[in-house]
Amino acid sequence: MGDYGSFVPNALRTSQYSTLATLGKRLFLDSDHRPSDPYGFLISKVFEGTHALLVVGDYLRYTQSKKKITRTTYLMDEKVRGDGVLNLSHLQGAFILLVLGLHVSFLILLLERLTKTPPYTSPTVVSQ
């Protein structure tokens, strides 16, 4: 298991259920977790039969499909959620585009006013 600092390994080790406690004692925490190669050397250990690899997201999708509840449930990956808070750094690009667009539109309006003559109006005929 990747060591993300979560409470799961300790909760497994101290579980009152013997199966979970045994799993917690045998749990291997990979402290050298790399996002580019998340399972690293563990794949070879799985093929040797000395380790098991559990991917919770895949298991949940399997269970969702097996129970036929895919239309009524939604699974969201943890890495997608983030902290759920938007701040100025998330929206900085949008604000820069907004200000840039306002400047460009103002310059175009100014150029139109300076270069265009007012629309032609026919002279009014005054009858005598």
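The values are calculated or read from the model by the stated rules, or taken from the named source; none is laboratory data. Predicted model, so just to flag it, every value in this text is computed and none were measured. In this analysis, Cβ positions are derived from the backbone assuming ideal geometry, glycine residues included, and neighbour counts consider all displayed protein chains.
Structure above, values below:
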| quantity | calculated |
| --- | --- |
| Subset of segment 8-24 that is assigned to a helix (DSSP H, G or I) and at pLDDT 80 or above - its residue that is nearest to the chain's Cα centre (by Cα) | R13 |
| Residue within segment 59-79 that is closer than 30 Å to T22 by Cβ, at pLDDT 80 or above and in a loop (DSSP other than H, G, I, E, B) present | yes |
| Inter-residue pairs, beta-carbon under 8 Å, first farther than 24 Å from I43 by Cα and of a type in the set (V, I, T) and in segment 1-28, second part of a helix (DSSP H, G or I) and modelled with pLDDT of 75 or more, 6+ apart | T14/A21; T14/G24 |
